[in-house]
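Below is one structure, written out as structure tokens; comments come after it.
The values are calculated or read from the model by the stated rules, or taken from the named source; none is laboratory data. Here the structure is a predicted model, which is why all the values come from computation and not from measurement. Ideal geometry is used to build each Cβ from the backbone, glycine not excepted, and the neighbour counts take in all protein chains shown.
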Amino acid sequence: MAAKAKVTFLPSGRTIEVASGTTLYKAAVEAGVELNSVCGGKGKCGKCRVQVHGNYELDHIHPLTPEELETGSFLACATRVRGEVRVFIPDTSTAGKGQILTTCKASCRRPDPPLRKINLTIPPPTLNDNLADLERLMRGLGPRGLGEPQMDLGLLQELATTVRKRDWRTTASFIRCGQSSRLVRLEPGDTTGLNYGLAIDIGTTTVVVQLLNLVSGKVVRTAAAYNRQISCGEDVISRIDYSVEGGLGTLRRLVLETINMLVDDVCIEVPAQQVTSACVAGNTIMIHLFLGLDPSNIKIEPYIPVANNPPPLPARVVGLKLHPEAPVMLIPGRSGYVGGDITADVIASGMHKRKELALLIDVGTNGEVVLGNDQWLVGCSCSAGPAFEGGEVRFGMRAAEGAIERASVSNNLWLNFCTIGGAKARGICGSGLIDLISGLFVKGALDKAGRFRGVLPQRIRPGTEGKEFVVAPGLETASGKPIVITESDIRNVIRTKAALYAAASVLVNSLGQKMEDVQKVHICGGFGNYLDMNKAISIGLLPDLPRKRFNFMGNGALAGAAQCLLSRRSAAEASQVAARMTYMELSVNAAFMSEFTSALFLPHTDEKLFPSVHPLVRSG
Ligand code: FES
């Protein structure tokens, strides 16, 4: 039998026994202890630093300073437990208290949910009318466009008792399945006034659950949390890698734990057992992990998912703590990298029903772009890189307490910033990075390539990765050490914004349109909502169009899921949108590489594309 080792995580005090030789990172995932990771435990991101005391062994040379090594501060993914260890996880290695976008607008005036409740009073049997209970129920339903409804054996087993409980008054709940329908629940009496459903947005970083009253269309409660899968890697590719290495079950368990915890948070006045339908929006990889489907083929050419349009499944099969027969509908996706979350964004934006040409940009852990109108839709995805979520930036972090979220740079390069929650600065999140780079560029401290011009004692100084700008001196930070932004950080942010802009340009150009022809730009996604539009335009992340054409939608995926839960028509439109969207694969698109290279500057190599920016920029 393999020797066991015992790990105690502090400050939570959670303890777990694992096989000797397990990394502290794996032990933390197993124990459900929150630990930052961008690379999924590959020793590359440096975000999983912990302090270790006890019997451990280091895997390889840590990319840490001698001072950190002396104080026992190691990467959890490169430290193996050999006996008993105590591991302290500092605040800087956790996601902290997150700022998660839950605001969304689902537009549905008169709810007509896919889960249809029908109340009937059935004539009781007599010697002259001796139809069996099931046939009697079907006769009572009559021609309501339900076809030949299917049902589970469990419902049939309870049928006789249920219909007799309230003198043959009963409520039957149906959901459409293709051309036919499915009887999912039978209740005694009239329960048509009670119809609750959950809209669920499974993001790579965050999960949001919203409880809706499907009779009134009103939101009852909303709750959000970080996706517990974060400990297994920040982006979808590291999650696929983790699942390929035998972690599919763990990933599924972690996302179900996250959702079920949020179900407890929203189901207070309404017990979870009263929730009889759910609609889920997520990117294709998140949906695969949620259902326990192998996502490995999505990573390799030609990038094929197991399913883009999985059928509705009962909550008991999926593993959600709702009514066991509650159908869980999944918004269909278009491809491995344009998933149901983007279909949901489109539904919430309404761009698929309007004549005007619209561009939809979902800025999240991945970047997805859709262009189109009521006639056609074309979509693509670009691996924007994790810079806006805190990856590949030395002091980058998610939008959580202590993150610098707003910054303004004065003419003499003094900086004003504010942090989320007003806490001492712990790092810089995506919106803070854009503010900083925009400010430094406009005030002439950065050239078009994102390099610092000259050195200014106290502010711009030489560092280990080229020049760096001191954003916050040690006195103003939680760690007591200065927070800086380096030229390498800026290059990574420029690469991320260039990928998004290039994706939008390729779609627009390939359809013979010009950027100025775009009449509406819908911005969705957690990070998109916190962007300062003018600053995002000044660095070339968003196109330089009249500002009134921009529509910041909030959490479009959640809004789309809620809309499909409330309206049969929207649910049908979601299927049509996914089916009619043309998918453009950018990884083999030569025009994308060329657009990307042109966009690797502030704001762009072609100044004519950003006419409103250049008059603002001070030359150095
Ligand atoms: S370095 Fe350990 S998770 Fe990335």
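Can you find a residue in region 93-110 that is away from the ligand (no atom under 16 Å from the Cβ), in a loop (DSSP other than H, G, I, E, B) and at pLDDT 80 or above? Yes: one or more hits.
Within region 127-152, residues that are acidic (Asp, Glu) have Cβ atoms under 8 Å from residues that are surrounded by 15 or more Cβ atoms within 10 Å (Cβ to Cβ) and assigned to a helix (DSSP H, G or I) in these pairs: ASP133/LEU159; ASP133/VAL163, counting only partners at least 6 apart in sequence or on another chain. Listed here are the helices (runs of 4 or more DSSP H) enclosed by region 484-555 that have at least 3 residues being of a type outside the set (Lys, Arg), over 24 Å from TYR583 (Cα atoms) and in contact with a Lys or Arg (Cβ under 9 Å, 6 or more places away or on another chain): 487-510, 533-538.
The residues listed here are GLY247, GLY233, GLY319; of these, the one that is touching a helix residue (DSSP H, G or I) at 6+ places or on another chain (Cβ under 7 Å) and modelled with pLDDT of 95 or more is GLY319.
I'd like to check something: does region 480-494 contain any residue that is within 23 Å of the chain's Cα centre (by Cα) and without any contact (Cβ under 8 Å) to a residue 40 or more places away in the chain? For region 480-494, residues within 23 Å of the chain's Cα centre (by Cα) and without any contact (Cβ under 8 Å) to a residue 40 or more places away in the chain: absent. Within region 555-572, does at least one residue satisfy the condition of being more than 30 Å from ASN213 (Cβ to Cβ), surrounded by fewer than 18 Cβ atoms within 10 Å (Cβ to Cβ) and in contact with a strand residue (DSSP E or B) (Cβ under 8 Å, 6 or more places away or on another chain)? Scanning region 555-572 turns up no residue that is more than 30 Å from ASN213 (Cβ to Cβ), surrounded by fewer than 18 Cβ atoms within 10 Å (Cβ to Cβ) and in contact with a strand residue (DSSP E or B) (Cβ under 8 Å, 6 or more places away or on another chain). Residues that are among the β-branched types (Val, Ile, Thr) and part of a helix (DSSP H, G or I) were ranked within region 127-175; the one that is surrounded by the most Cβ atoms within 10 Å (Cβ to Cβ) is VAL163.
The residue of region 442-477 that is surrounded by the fewest Cβ atoms within 10 Å (Cβ to Cβ), among those that are in contact with a helix residue (DSSP H, G or I) (Cβ under 6 Å, 6 or more places away or on another chain), in a strand (DSSP E or B) and at pLDDT 90 or above, is LYS467.
Give the residue, chosen from GLU57, GLU68, that is modelled with pLDDT under 80, at negative phi, more than 9 Å from the ligand (Cβ to nearest atom) and not aliphatic (A, V, I, L, M).
GLU68
Filter region 32-48 down to the residues that are more than 6 Å from the ligand (Cβ to nearest atom) and buried (at least 20 other Cβ atoms within 10 Å of the Cβ), then identify the one that is farthest from the chain's Cα centre (by Cα). Top of the filtered list is VAL33. Under the condition of being under 22 Å from GLY333 (Cα atoms) and touching a Lys or Arg at 6+ places or on another chain (Cβ under 9 Å), which residue from region 581-601 is surrounded by the most Cβ atoms within 10 Å (Cβ to Cβ)? Going through the qualifying residues, I end up with MET581.
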